[in-house]
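Structure, as structure tokens:
Please treat every number below as a calculation from the coordinates, not as lab data. Keep in mind that what you see is a predicted model, and the values were worked out from it rather than measured. FYI the Cβ positions are ideal-geometry reconstructions off the backbone, even for glycines, and counts take in every protein chain you see.
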Amino acid sequence: MRLNLILPILVAIVGMIVWACLALIDTGLNSLPGPLATADALWADRKAIFPALGRDAAAMVLGFLLACALGVLSAIVLTTYQGLRLALAPWMTIARMAPIAALAPLLIVSPCPAFLTLLIVTTVACYFPVVSVATPALLATDKSLLDLFKTYHASYWQQIVHLRLPHALPQLMTAIKRAAIYAPMASLLTDYLAGALAGKPGLGRLLSEYFVGQNYPAIVALCLSAAAVGVLLAGTVHAITAWTLMHWHDNENGQA
């Protein structure tokens, strides 16, 4: 095995050992459960934890895909129409800076179904990072190549598909990876706030119930499971983008 596989595994093993030792040292109300106690709590409460995480994961993936599709389409439109781009650019910057925690409560208190709320917040949170990076990347296409396409009478969509999008692919993949990080944050935070603020079924209500019952192993199990869902999505997107750029961009192969 290569070092880039062995070393992360060793770090994980050391981390588990340190976690177990800290749990043994803790003499409080079992506020730091060990790995075995956490695993037992996850299995015991699987019928409550897994459905909530499954709903979050579905909203997370669907919102991420919608945001990527809408973001790229919006970037193409903004690239084509300069007036529209100039009119919307300041507002898109402001929307991108708006925190997720400020948007989520507005939808949580609305009569929208819980899954639709998660989907909307996740889509909005991922949309602006994609469109804000994709638009300047499409605009930065080499003008000499654009003139060449015009010389050969390439259509508008041929320029987009065969020139602008491939040219912007590295920056676009960076934006997609960033959106993959925002998606778990948006979905999990919204579900938590829905339970904590509105009493709706979800992670927030589960965490409140576990905290009241001093079920600390279940709290740790729920938090680690939620983190694992986010890491799985971000890791999958990172692997896909690395594989895609490896066949297009020399820097991904370590070449100059």
Proxy reagent accessibility, fewest Cβ within 10 Å first, across F211, F64: F211, F64
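How would you rank 54-61, 10-17, 75-82, highest first, on the average number of other Cβ atoms within 10 Å across their residues? If you can, show how the numbers build up before the last one.
Values: 54-61: 20.1, 10-17: 10.6, 75-82: 16.9.
In descending order of packing, they fall as 54-61, 75-82, 10-17.
Count charges around L206 for me, please; just the other residues with Cβ under 10 Å from its Cβ, Lys/Arg as +1, Asp/Glu as -1.
Values: positive: R205; negative: D45, D191, E209.
So the surrounding residues net to -2.
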Among T141, V237, I176 the positive-end extreme of the charge dipole of the range 53-250 (Cβ point charges): T141
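Helix-derived [θ] at 222 nm for the chain: sum -39500 (n - 2.57) over DSSP H runs of at least 4, divide by residue count, nearest 500? Could you put the intermediate results ahead of the total?
On the way: 11 runs with 203 residues, N = 256.
Roughly -27000 deg cm²/dmol at 222 nm, from the helical runs in the chain.
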Highest-first arrangement of 67-74, 85-92, where packing means the average Cβ count within 10 Å: 67-74, 85-92
Contact order normalised by residue count of the chain, Cα under 8 Å, 6+ apart, percent: 26 percent
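Assuming R0 = 22 Å, can you tell me the calculated FRET efficiency for the pair W19 and F50, based on Cβ-Cβ distance, to the nearest 0.05?
Details: r = 23 Å, r/R0 = 1.02.
Step by step, r from the Cβ atoms, then E = 0.45.
Rounding to the nearest 20 debye, state how big the charge dipole of the chain is about its Cα centre with +1 on each Lys and Arg Cβ and -1 on each Asp and Glu Cβ. Numbers along the way, then the final one.
On the way: 13 positive and 10 negative charges, 97 e Å.
With Lys and Arg at +1 and Asp and Glu at -1, about 460 debye.
Is any helix in the chain, taking whole DSSP H runs, at least 30 angstrom long along its axis by alpha carbon and on average at least 0.0 on the Kyte-Doolittle scale, and which ones?
Working: long enough: 3-25 (32 Å, 2.67); 46-80 (50 Å, 1.46); 114-139 (38 Å, 1.99); 169-198 (41 Å, 0.87); 216-246 (44 Å, 1.71).
For the chain, where a helix must reach 30 Å along its axis and average at least 0.0, the hits are 3-25, 46-80, 114-139, 169-198, 216-246.
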